[in-house]
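Peer 1: Structure in C-alpha cells, see below.
The values are calculated or read from the model by the stated rules, or taken from the named source; none is laboratory data. Being a predicted model, the structure only gives us computed values, none of them experimental. A quick note on method: Cβ atoms are made from the backbone with ideal geometry, for glycine too, and the neighbour counts reach across all protein chains shown.
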Amino acid sequence: MNKPELNIFVEDAAESGLDLGKITEKLKKMTRYFLAKENFVKKSCLNGYEYDTLCFDIVFCTNDEIHRINKEYRNIDRPTDVISFAIFADSAPKERFIFDNEINLGEIILSIEKTRTQAQENGQTFEDELYFLLAHGILHLMGYDHQTEETLCEMWDMQKEMTEGNNV
C-alpha cells in the first residue's frame, strides 16, 4: 500500500492559542509512525482495508465542554482529558464506510485545561502530556481499547513509542 494522504482538521474551540499548524504536523508524524508499524496496523480497524486517504478531527475544548460531552455520551458526570468518537472502528466490519478511497476515522476531543492540570500532576511538560493524550485518541480511532489493565498498559506503551524522540 502506498503512503496514504492524511487529512487532519484541528479546531481550537478553547481558544488556547496553540500552534495548530505545528500540532497538525506532529499528529501526522505520529499517525505515519503508527501506519509504518505492521504489528500496530494488524491489530487495528484498518487491517485488510485499502484506502488512499485517512481523515480525522481534533477539537480542543474547555473542561466545561468536555464535562458536558462526557455526561451526555458516557453518562459520567465530570470532566475528562480526552474522548474519542471512533466512526470507522466502532462500526461493524460489514458496515464500515469507505468513500472515494477515504476512511473517516472519527473525532478526538481534548480538554486543554485538564491536559495542563495533568501535566503538572504527572511532572510532564504541557506539550508531552498533550501529545501523549492525542496518541491515546489516535489509538482509539484505530480500534484499540483498554477494557483490562493489560490492554491499558499495551496502549500506554504504544503511546510512549508514538510520542518518543523523532516521532513528535
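Peer 1: Do you know which of the residues in the stretch 77-105 that are among the hydroxyl-bearing types (S, T, Y) and either touching a residue at least 60 places away in the same chain (Cβ under 8 Å) or under 18 Å from L54 (Cα atoms) (or both) is surrounded by the fewest Cβ atoms within 10 Å (Cβ to Cβ)?
Peer 2: S91
Peer 1: Do we have Q118 as touching a residue at least 24 places away in the same chain (Cβ under 8 Å), crowded, with 16+ Cβ neighbours inside 10 Å and in contact with a His (Cβ under 7 Å, 6 or more places away or on another chain) here?
Peer 2: No.
Residues are listed down the side, and each one gets a yes or a no for (1) within 23 Å of L6 (Cα to Cα); (2) touching a helix residue (DSSP H, G or I) at 6+ places or on another chain (Cβ under 8 Å):
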| site | (1), (2) |
| --- | --- |
| N104 | yes, no |
| L110 | yes, yes |
| A119 | no, yes |
| T125 | no, yes |
| D128 | yes, yes |
| Y131 | yes, yes |
| I138 | yes, yes |
| H146 | no, yes |
| E154 | no, no |
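Peer 1: Here's another thing I want to ask about it. Restrict the check to the stretch 139-158 and report whether at least one residue is of a type in the set (D, E) and in contact with a Phe, Trp or Tyr (Cβ under 6 Å, 6 or more places away or on another chain).
Peer 2: No, because not a single residue in the stretch 139-158 is of a type in the set (D, E) and in contact with a Phe, Trp or Tyr (Cβ under 6 Å, 6 or more places away or on another chain).
Peer 1: Oh, and also: Identify, by number, the condition in (1) out of contact with any Cys (no Cβ under 8 Å at 6 or more places or on another chain); (2) among the polar types (S, T, N, Q); (3) surrounded by fewer than 18 Cβ atoms within 10 Å (Cβ to Cβ) that T163 doesn't meet.
Peer 2: (3)
Peer 1: Kindly evaluate L35 against the criterion of being modelled with pLDDT of 95 or more, part of a loop (DSSP other than H, G, I, E, B) and more than 24 Å from T115 (Cβ to Cβ).
Peer 2: no
Peer 1: Now, a different point. I want to confirm something. Restricting to the stretch 75-104 and keeping residues that are among the aromatic types (F, W, Y) and part of a loop (DSSP other than H, G, I, E, B), which single residue is modelled with the highest pLDDT?
Peer 2: F88
Peer 1: Continuing with this model, one more query. Which of the residues spanning the stretch 50-62 are modelled with pLDDT of 95 or more and not hydrophobic (A, V, I, L, M, F, W, C)?
Peer 2: Within the stretch 50-62, Y51, D52, T53, D57, T62 meet the criteria.
Peer 1: Do you know which residues across the stretch 110-168 are in a helix (DSSP H, G or I), more than 19 Å from E11 (Cα to Cα) and polar (S, T, N, Q)?
Peer 2: Correct list: T117, Q118, Q120, T151, Q159, T163, N166, N167.
Peer 1: Also: How do the pairs read when you match residues in the stretch 58-72 that are of a type in the set (S, T, Y) with residues anywhere that are at pLDDT below 95 and not in a strand (DSSP E or B), using Cβ under 8 Å and keeping only pairs 6 or more apart or on different chains?
Peer 2: Once the first residue is of a type in the set (S, T, Y) and sits in the stretch 58-72, its partners that are at pLDDT below 95 and not in a strand (DSSP E or B) give T62/A13; T62/A14.
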